[in-house]
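K.L.:
Got a structure for you, questions after.
The values are calculated or read from the model by the stated rules, or taken from the named source; none is laboratory data. Because the structure is predicted, anything quoted here is derived from the model rather than measured. Ideal geometry is used to build each Cβ from the backbone, glycine not excepted, and the neighbour counts take in all protein chains shown.
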Amino acid sequence: MQTRAALHSRRSQGSAESPGPLDLYSIDSEEMMQPSRDRDQDPFYKPPISVQKTSAEIINEARRALRTLRTQRPFTPRDNQRKLFGSTSSRTADNRPPSAFSLHASSFETSDSRPVSGTRLSPLPHKPKLPESPPVEDEGVIPFPQPPAQAKGASLSRSRLFRALSHGNIRDDSDILPDDGRNPQCYEDMSPLSKADLEEFDTSLGVNNNPLQIHNVKNIPHKQGEDSKDPYTPSNKNECGIKNRPSPCPSYAETALLGSKTVSESESTLNETETEDETIYWNEKVLPILQDLQTAQQDRSVDDLCHICTNLHKVLENGNMLEKRCKRRALILKTLYKLVEIGSDKLGLIVAKLILALKVSGKNLLNICKLIFKISRTENNDCLFQNNDIIDSLMEVLQSEDVQANSEAFVYCLGTIKFLSGNSVILNELLQKQSVEILVELMKHVIQSNKISDIGSSVDMGHLLVQLTATLRNLADLAPSRPKFIANNALAVLCLLLDIYIKDEDICTNVSRILSKLSSYNDCCLALAECITCYSSFLSVLKSHLKKQDLVVRVVFILGNLTAKNNKAREEFYKHKRSITTLLYLLHFYCELDRKLQKIHKKEESKRPSEVEDILLKVIRLLANLSVHPTIGTDLAANEGCVSLLMQVLEYKPIDECDELVINTVATVNNLSYYQGDSSVIVVRRLDISKLLLKLLLCNNMDGILEVARVFGNLSRYQDVRDFIVEQSVYKYMTTLVDAKHQDVCFSACGVLINLTADRNKRALLKDDGGIKKLLDCLRDFGRSDWQLAGLVCKVFWNLSENITNAELCFGKEETITLLGLLSSFLDEQVVLDYRWNVDLMEYHKSCWKLEFKPVAIELLNRIQSYHSYLEPLPGPV
């Protein structure tokens with residue numbers, strides 16, 4: 001095979017001997033590593049480091065070398081309804097939080113002071129016995145309070161001291177009374193607590209450790225800094241040491257707002273030393289608004305309630321009474337909880353924003369997150385979130401609250417943000433509110449806490465992470481979010497998440513969707529490729545979820561992106577044990593599945609391939625990208641199973657049903673055909689492959705014809721394939737393609753004709769089929785704009801004109817004059833290299849002209865002029 005380097009060598013040695021016939025260009029291992037001709041159009045193209053190479057050399061090698069393949073990102077259908085877990089979720093209804101529920105005022109707890117424990121406690125070892133009748137009042141002793149009859153769903157706080165608490169496991173049906181601890185069945189099969197457990201339990205509730213003094217108010221120690229006390233434990237205001245201040249007893253208006261039972265609550269709250277200024281501000285500013293709320297609630301005027309709640313928020317903020325700083329916070333919360341019964345989404349968001357600003361916790365935080373989630377499920381309510389700063393409140397919850405203790409509240413909070421991120425306007429707002437940074441930091445915290453959490457908590461974290469990763473998936477669509485993902489090391493964290501939750505299909509799918517989006521861009525693709533552990537993570541996912549099609553297709557797509565432009569990524573993937581075996585098994589599994597589906601029903605007409613075809617497409621593309629590496633390509637070309645599977649796809653898959661799949665398969669065969677060593681299965685089965693390619697020449701798909709021409713350009717280096725080309729009239733197709741208007745098609749067709757005309761007995765075929773005229777037209781039409789193609793045309797003419805005594809056997813007089821004229825004009829550097837209209841291309845064309853066209857054109861011109869001495873000399877080199 002005669003290479004360009006060999007031709008230059010002969011010229012440099014000053015040999016008078018003319019070069020012999022030229023075969024198709026040869027490719028060395030260095031050329032194989034160069035990018036494809038159109039790679040600069042790729043969104044994440046990174047040019048290779050050039051060592052004393054011109055741009056023309058790089059592009060020329062790229063045009064002739066192996067090519068990586070591109071394909072569309074897998075399609076993700078949008079769910080018609082907003083749910084915590086979509087229709088494709090692997091979670092069943094009985095093992096996930098509900099998306100629909102009812103909320104009432106009775107769902108909230110009137111006391112929000114007790115700390116939340118994330119640990120399920122065992123019940124007390126004895127059955128508490130309540131007195132049958134209230135005890136007689138002695139000095140310092142008050143009767144045991146009884147709940148009001150009308151408060152069916154009221155919180156029985158004291159009774160809850162005698163049963164195990166588990167935050168987050170609330171009933172969605174708020175009409176059912178909570179277990180009050182007096183049912184003997186609740187103690188069955190439960191282990192008793194130790195004395196230390198009991199003391200810890202009482203301490204966590206903030207009550208007296210001495211059960212004998214439970215009714216003695218004077219003996220209950222007062223703790224400063226708590227926002228409210230147990231509603232059934234009134235405090236003695238005379239012991240608070242408060243002087244020179246108004247009476248802390250609730251006013252008539254407060255009593256009307258709270259009811260008889262909550263009077264003691266208010267008294268207990270006021271024991272926390274309310275200043276005179278605070279009392280005056282409360283009476284003059286806050287209390288009248290609460291009265292207005294009660295009046296408006298009776299009138300059911302939503303607009304008035306919204307205006308009053310907004311005014312209340314401003315008044316509390318101006319009085320520094322937000323969060324837990326207000327001493328009568330319980331009264332405000334109870335009033336706001338009643339507004340949930342109104343059922344207005346607009347009012348609900350305003351109330352929820354105010355309640356979150358008051359820093360509720362535990363069950364109340366959960367119910368508020370549920371309320372906001374319920375409102376966000378309606379897409380028409382997105383405008384309410386745009387006109388409300390409640391998104392900031394939700395972000396603050398994610399940053400300030402304990403994720404372990406409030407896991408279910410976080411699920412609904414993140415579910416709301418996930419829904420809102422589906423709105424393009426709100427999505428941009430979320431990005432500006434540092435949502436990527438907040439969510440990635442939360443994800444890191446969950447991963448860290450996963451090491452010390454129990455099984456039940458891990459399940460809750462899984463529900464939470466599904467919502468979190470789904471939100472990140474939407475944020476990844478925005479171009480400004482990508483630097484944020486890189487800066488916060490989110491790609492490595494996502495890969496670590498795959499390892500930890502490898503069995504959770506929902507989390508793995510969401511992570512794969514995020515990375516499939518990000519890996520389509522250069523900066524993110526390079527950052528992901530540097531995460532060495534990602535390859536083992538992706539292989540583990542493929543092995544664990546072989547039949548999860550939407551997951552498999554995305555993981556393979558990511559790997560295809562990584563290996564498309566990064567040689568180190570190819571090596572890192574290849575060195576993992578059974579990496580190629582896993583890919584070939586995937587290809588085999590889904591080939592068999594596709595053939596079965598094809599027999600069952602005929603494929604419906606669609607612009608997109610089916611899910612199974614899409615997987616085949618992505619796997620074959622990955623194999624093509626891997627084959628660019630010389631070592632991997634040699635191994636794949638020698639792999640009988642790999643070559644057989646590719647041939648199987650070409651045999652049973654019509655190009656008109658899935659053109660991209662067939663074209664990518666041919667392109668992969670083309671890449672492997674460059675490795676023509678003794679072990680190459682492609683070389684051994686070259687005639688069988690040629691027969692499969694023959695039917696593709698008859699299709700109307702120009703991209704498919706182009707790939708076939710490229711494969712024939714490699715395989716036609718063998719004599720039996722050249723004979724096959726003549727026997728099956730394939731050369732006629734190649735001659736016709738020279739006349740195509742597509743420069744790449746002409747380029748590949750000329751490559752086949754160069755090899756074909758290396759055989760003397762086949763040269764006359766071009767003249768019989770009008771090939772000489774088509775070659776001249778190709779040189780005239782594309783010569784000035786594509787010097788690489790012009791050089792190939794000259795090489796065809798060089799082979800045609802070798803060792804002939806009369807050039808007219810191949811060239812007629814008119815054809816000879818035309819060729820000499822074109823060569824002479826194209827060798828005038830001042831004329832052909834005048835690219836003042838495009839300075840950027842001038843250097844590239846100049847390099848191509850000097851390296852690709854000029855050497856062979858001079859040799860060809862000298863040869864033809866020497867044969868045609870009877871013609872008048874034409875201007876040009878001699």
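K.L.:
Could we say that LYS767 is more than 51 Å from the chain's Cα centre (by Cα), at pLDDT below 85 and more than 30 Å from GLU843 (Cα to Cα) here? Working first, answer last.
P.N.:
Details: more than 51 Å from the chain's Cα centre (by Cα): yes; at pLDDT below 85: yes; more than 30 Å from GLU843 (Cα to Cα): yes.
So LYS767 fits the description; yes.
K.L.:
Are any residues in the range 650-665 over 29 Å from the mean Cα position of the chain (by Cα) and either closer than 19 Å to LEU586 by Cα or crowded, with 23+ Cβ neighbours inside 10 Å (or both), and if so, which ones? Reasoning before the result, please.
P.N.:
Of the range 650-665, the ones over 29 Å from the mean Cα position of the chain (by Cα) are 650-656.
Those that are over 29 Å from the mean Cα position of the chain (by Cα) and either closer than 19 Å to LEU586 by Cα or crowded, with 23+ Cβ neighbours inside 10 Å (or both): LEU650, GLU651, TYR652, LYS653.
K.L.:
Which of the residues belonging to the range 707-743 are over 21 Å from THR757 (Cβ atoms) and assigned to a helix (DSSP H, G or I)? First the steps, then the outcome.
P.N.:
Looking only at the range 707-743, we keep the residues that are over 21 Å from THR757 (Cβ atoms), and these are 707, 741-742.
Across the range 707-743, the qualifying residue is only GLU707.
K.L.:
For the structure I just gave you, tell me whether LEU322 is of a type in the set (A, V, I, L, M) and under 24 Å from GLU276 (Cα atoms).
P.N.:
yes
K.L.:
Got at least one residue in the range 491-499 being surrounded by fewer than 23 Cβ atoms within 10 Å (Cβ to Cβ), within 11 Å of the chain's Cα centre (by Cα), under 20 Å from VAL552 (Cα atoms) and not aliphatic (A, V, I, L, M)?
P.N.:
No: the range 491-499 contains no residue that is surrounded by fewer than 23 Cβ atoms within 10 Å (Cβ to Cβ), within 11 Å of the chain's Cα centre (by Cα), under 20 Å from VAL552 (Cα atoms) and not aliphatic (A, V, I, L, M).
K.L.:
Here's another thing I want to ask about it. Suppose we filter ARG685, ARG621, ARG595 for residues that are in contact (Cβ under 8 Å) with a residue 12 or more places away in the chain, surrounded by fewer than 17 Cβ atoms within 10 Å (Cβ to Cβ) and closer than 20 Å to LEU546 by Cα; which single one remains? Quick ask: steps written out before the conclusion?
P.N.:
Details: ARG685 fails: closer than 20 Å to LEU546 by Cα; ARG621 fails: surrounded by fewer than 17 Cβ atoms within 10 Å (Cβ to Cβ).
Just a single option satisfies the conditions, and that option is ARG595.
K.L.:
I want to confirm something. Restricting to the range 775-795 and keeping residues that are over 16 Å from GLY821 (Cα atoms) and buried (at least 18 other Cβ atoms within 10 Å of the Cβ), which single residue is farthest from the chain's Cα centre (by Cα)? Walk me through it before giving the result.
P.N.:
Initial filter on the range 775-795 (over 16 Å from GLY821 (Cα atoms)): 785-789, 792, 795.
Next, only the ones that are buried (at least 18 other Cβ atoms within 10 Å of the Cβ) stay: 786-789, 792, 795.
Working: ASP786: 40, TRP787: 42, GLN788: 40, LEU789: 41, LEU792: 44, LYS795: 49 Å.
Out of the qualifying residues, it is LYS795.
K.L.:
Here's something else I'd like to know. Answer with yes or no whether SER344 is surrounded by fewer than 22 Cβ atoms within 10 Å (Cβ to Cβ), farther than 29 Å from VAL493 by Cβ and out of contact with any strand residue (DSSP E or B) (no Cβ under 8 Å at 6 or more places or on another chain).
P.N.:
Values: surrounded by fewer than 22 Cβ atoms within 10 Å (Cβ to Cβ): yes; farther than 29 Å from VAL493 by Cβ: yes; out of contact with any strand residue (DSSP E or B) (no Cβ under 8 Å at 6 or more places or on another chain): yes.
Yes; evaluated as a whole, the condition is true for this residue.
K.L.:
If I filter the range 523-536 for residues that are charged (D, E, K, R), modelled with pLDDT under 95 and over 23 Å from LEU672 (Cβ atoms), do I get at least one hit? Before the answer, list the steps.
P.N.:
First, pick out the residues of the range 523-536 that are charged (D, E, K, R): 523, 530.
Narrowing the set further to residues that are modelled with pLDDT under 95 leaves 523, 530.
Then keep just the ones that are over 23 Å from LEU672 (Cβ atoms); that gives 523, 530.
Yes, some residue in the range 523-536 is charged (D, E, K, R), modelled with pLDDT under 95 and over 23 Å from LEU672 (Cβ atoms).
K.L.:
Here is a further query. How many residues are under 13 Å from MET702 (Cα atoms), polar (S, T, N, Q) and modelled with pLDDT of 90 or more when one looks only at the range 737-764?
P.N.:
1
K.L.:
Which members of the range 503-528 meet the condition of being surrounded by fewer than 22 Cβ atoms within 10 Å (Cβ to Cβ) and small (Gly, Ala, Ser)?
P.N.:
Within the range 503-528, SER520, ALA527 qualify.
K.L.:
While we're on this one: Filter the range 722-735 down to the residues that are of a type in the set (A, V, I, L, M) and buried (at least 19 other Cβ atoms within 10 Å of the Cβ) and list them by number.
P.N.:
Narrowing the range 722-735 to residues of a type in the set (A, V, I, L, M): 725-726, 730, 734.
Listed by number, the residues that qualify are ILE725, VAL730, MET734.
K.L.:
Oh, and also: Does ASP292 satisfy the criteria of being surrounded by fewer than 16 Cβ atoms within 10 Å (Cβ to Cβ), out of contact with any Asp or Glu (no Cβ under 7 Å at 6 or more places or on another chain) and part of a helix (DSSP H, G or I)? Talk me through it step by step, then tell me what you get.
P.N.:
On the way: surrounded by fewer than 16 Cβ atoms within 10 Å (Cβ to Cβ): no; out of contact with any Asp or Glu (no Cβ under 7 Å at 6 or more places or on another chain): yes; part of a helix (DSSP H, G or I): yes.
Judged against the criteria, ASP292 is not a match.
K.L.:
Further question on the same structure: Check the range 314-335 and report whether any residue there is touching a helix residue (DSSP H, G or I) at 6+ places or on another chain (Cβ under 7 Å), hydrophobic (A, V, I, L, M, F, W, C) and closer than 15 Å to LEU384 by Cβ.
P.N.:
Within the range 314-335, not a single residue is touching a helix residue (DSSP H, G or I) at 6+ places or on another chain (Cβ under 7 Å), hydrophobic (A, V, I, L, M, F, W, C) and closer than 15 Å to LEU384 by Cβ.
K.L.:
Right, next: Against the definition (farther than 30 Å from HIS845 by Cβ, small (Gly, Ala, Ser) and in a helix (DSSP H, G or I)), how does SER690 come out, yes or no? First the steps, then the outcome.
P.N.:
Working: farther than 30 Å from HIS845 by Cβ: yes; small (Gly, Ala, Ser): yes; in a helix (DSSP H, G or I): yes.
So SER690 passes the test.
K.L.:
Restricting attention to the range 744-761, which residues are of a type in the set (Gly, Ala, Ser) and in a helix (DSSP H, G or I)?
P.N.:
Looking only at the range 744-761, we keep the residues that are of a type in the set (Gly, Ala, Ser), and these are 748-749, 751, 758.
Listed by number, the residues that qualify are SER748, ALA749, GLY751.
K.L.:
Could you tell me which numbered condition CYS326 fails, if it satisfies all but one of (1) surrounded by fewer than 17 Cβ atoms within 10 Å (Cβ to Cβ); (2) farther than 19 Å from CYS369 by Cα?
P.N.:
(1)
K.L.:
Collect the residues in the range 736-764 that are within 46 Å of the chain's Cα centre (by Cα) and β-branched (Val, Ile, Thr), keeping them in residue-number order.
P.N.:
THR736, VAL738, VAL745, VAL752
K.L.:
Shifting gears a bit: Mind checking which residues of the range 482-509 are farther than 23 Å from GLN432 by Cβ and not charged (D, E, K, R)? Please lay out each step first, then the result.
P.N.:
Going residue by residue through the range 482-509, those that are farther than 23 Å from GLN432 by Cβ are 492, 495-509.
Correct list: ALA492, CYS495, LEU496, LEU497, LEU498, ILE500, TYR501, ILE502, ILE507, CYS508, THR509.
K.L.:
Another one. Select from the range 307-363 the residues that are in contact (Cβ under 8 Å) with a residue 60 or more places away in the chain, in a helix (DSSP H, G or I) and touching an Asp or Glu at 6+ places or on another chain (Cβ under 8 Å) and list them in ascending order.
P.N.:
The answer is ARG329, ALA330, LEU331, LEU333, GLY362, LYS363.
K.L.:
Also, quick follow-up: Could you tell me whether the range 597-619 includes any residue that is farther than 21 Å from VAL553 by Cα and at pLDDT 95 or above?
P.N.:
So far as the range 597-619 goes, no, none of its residues is farther than 21 Å from VAL553 by Cα and at pLDDT 95 or above.
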